[in-house]
Amino acid sequence: MKYLEIKNCKKAFDELSVLNDISLSVEEGEVVAIIGPSGSGKSTLLRCATLLETMDSGELVYMGEKAASTVDGQAVYADGNALKKIKNYFGLVFQNFNLFPHYSVLKNVCDAPISVQKRNKEEVKEEALKLLAKMGLSGKENAYPCQLSGGQQQRVAIARALAMKPSILFFDEPTSALDPELTGEILKVIRQLAEEKMTMVIVTHEMSFARDVADRVIFMDGGYIIEEGDPHEVIEHPKEERTKQFLARFSAEQ
Amino acid sequence: MTLWGMAQQVLSGTGATLLIFFSTVIFSMPLGLLVAFGRMSKFRPLSALVKGFISILRGTPLMLQLIVWFYGPYYLFGTQLSSGWRLTATILGFSINYAAYFAEIFRSGIQSIPLGQYEAANVLGYSKAQTFTKIIFPQMCKRVLPPVTNEVITLVKDTSLAFVLAYSEVFTIAKQVAAAQTTIVPLFIAGGFYYVFNFVVDFVMAKIEQKMNYYR
Ligand SMILES: Nc1ncnc2c1ncn2[C@@H]1O[C@H](COP(=O)(O)OP(=O)(O)OP(=O)(O)O)[C@@H](O)[C@H]1O
Ligand SMILES: [Mg+2]
């Protein structure tokens, strides 16, 4: 089943066209990595998919339910209630975590399931403790985000997203704000989620991680999908000139 | 008149001063938050109007505003001023003036919250109201505490401006006693009163700040 389908998504900021006719679909259990140079529109694509940004035109469908469709060349979004329901289908992990600093770790994870999804408090708490344990954060329930390392904060953010039981989880450069020695712990968590067949779309600059974990890699540049396919193919034997340039510069940097 | 006698007289205004102080705090803060919303409204005419009012309230003397509140109804509508109006006008004048200051403090506090907080709340499905009450407002409170403390300390001293309406609070009485007894002592007593009052305010605000220090 297609968990996510984006068709002909276009987005411009004033005159600057950032996404040009992007189409993308994600199947159940699939892990998709999006790579590309800075400014290529990766974050904007995720932000359109997570309803933080509105598309100018295009179609957005989650689990067969339409969040937006194009009418007369313009994106028309579903009504508030429909979008509210659709928001339950996805979660997003930010580059700089965006944890709620005034909430304890446990409350960061529990609050939305309780006050947004109106789920049973005790149940949510129990699940949250399990999630935190899985993220290697046992004993940190009552800590505040400011008392944690960046890597720990990002793991709380992942737990917070997972607590909503999303069908699909988006990551926007989840390790870019971290010291190099902390990226490993986040990648490990995402790897584990991939093994559990969590459906994920990950924007990342970690090429070897993308190659090892993703089922499919998408290379974006200038608001276009330039190349996509099997991670080993795209990353080790790119066909397109621009992909080659990008990857060459990348391996030169490392 | 003995020192003790003078002190007793001057401090008999304590209740009145405290009444102005607490009424102003209680009314001006929620009103200030409301005004801040108006000021941040995306509906341009509203935000422009609110901005204009804030500008006038902050740009003219509070003493003048108090006089206008008190005598305004008489000059504008010929209303006979009732005995209770003195206190009402005083509290109205203070509350509205301080609301303008608090509004600007709250606005900058709200606007200093990183956009990422709104986005995280949005993706998690919080409604706009939930996002404000659960995520933004508590963080705003912490951020605005230092400027709010400043404002409250100023308010303690400003309550003395009620003398222009001859409302019998500490300073009004001190001035009267000083004139009647031809001595400066009552003014020193009043000065001591305001100093101690602010000492307590400082202490309380520091405690609140401490309480909010559990996160950064
Ligand atoms: N809110 C905005 N207003 C105006 N321009 C924007 C806005 N958001 C993004 N852009 C522009 O859109 C382009 C794409 O930005 P985007 O953040 O999607 O790139 P990216 O691929 O995520 O880059 P990076 O790897 O640096 O994160 C950039 O040129 C950026 O300046
Ligand atoms: Mg980005």
Residue by residue through the stretch A:217-226, the couplings from Karplus 6.51 cos²θ - 1.76 cosθ + 1.60 with θ = phi - 60°, in Hz, x for Gly and Pro, are 10, 10, 9, 10, 8, x, x, 10, 7, 8
Extend 7 Å from the Cα of B:Ala180 along its Cα-to-C-beta direction; within the stretch B:1-19, residues with backbone N under 16 Å of that point are B:1-14
Expressed in nanometres to one decimal, the distance between label points 7 Å along Cα→Cβ at B:Ile208 and B:Lys51 is 2.9
For chain B, the longest principal axis of the Cα atoms and the Cα long axis of helix B:115-124 enclose an angle in degrees, to the nearest 10, of 60
One quarter of the C-alpha convex hull surface, i.e. the mean projected area of the protein assembly as shown in nm², amounts to 30.4
With DSSP loop assignment and no more than 14 other C-beta atoms within 10 Å, the chymotrypsin sites (Phe, Trp or Tyr not before Pro) in the stretch B:1-79 are B:Phe43
Surpassing 19 Å at the alpha-carbon level, of the pairs A:Lys87/A:Lys118; A:Lys125/A:Lys165; A:Lys140/A:Lys197; A:Lys66/A:Lys118; A:Lys121/B:Lys134, are A:Lys140/A:Lys197; A:Lys66/A:Lys118
Restricting to aspartates and glutamates and to Cα separations under 20 Å from B:Lys207, and discarding same-chain partners fewer than 8 apart, the set is B:Glu151
Within the under-10-Å Cβ sphere about A:Val32, not counting A:Val32, Lys/Arg +1 and Asp/Glu -1 give a net charge of -3
The base-10 log of I(q)/I(0) that the Debye equation returns for the stretch B:64-121 at q = 0.19 Å⁻¹, one scatterer per C-alpha, is -0.71
For the stretch B:3-212, one quarter of the surface area of the C-alpha convex hull, expressed in nm², comes to 14.4
Longest chain A segment clear of GluC sites (Glu not before Pro) sitting in DSSP loops (not H, G, I, E or B) with at most 11 other Cβ atoms within 10 Å runs A:16-195
In this structure, the FRET efficiency calculated for A:Asp215 and A:Gln74 from their beta-carbon separation, with R0 = 30 Å, to the nearest 0.05, is 0.35
In nm, the gap between the two label points placed 7 Å beyond Cα toward Cβ at A:Asn81 and B:Arg86 is 6.0
Candidate span helices, chain A: DSSP H, at least 15 Å along axis from Cα coords, Kyte-Doolittle average at least 0.5, result A:105-115
Cα-based Rg and Dmax for chain A, in Å, come out at 18.3, 55
In the stretch A:85-128, the trypsin sites (Lys or Arg not before Pro) that sit in a DSSP loop and have at most 15 other Cβ atoms within 10 Å of their own Cβ are A:Lys118
Between the Cα axis of helix B:137-158 and the main Cα principal axis of chain B, the angle (0 to 90°, nearest 10) is 20
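Each value in this text was obtained by applying a stated rule to the coordinates, not by laboratory testing. Note that the coordinates shown come from a computational prediction; the quantities given were computed from them, not determined experimentally. All Cβ positions, glycine included, derive from the backbone under ideal geometry; neighbour counts span all protein chains shown.
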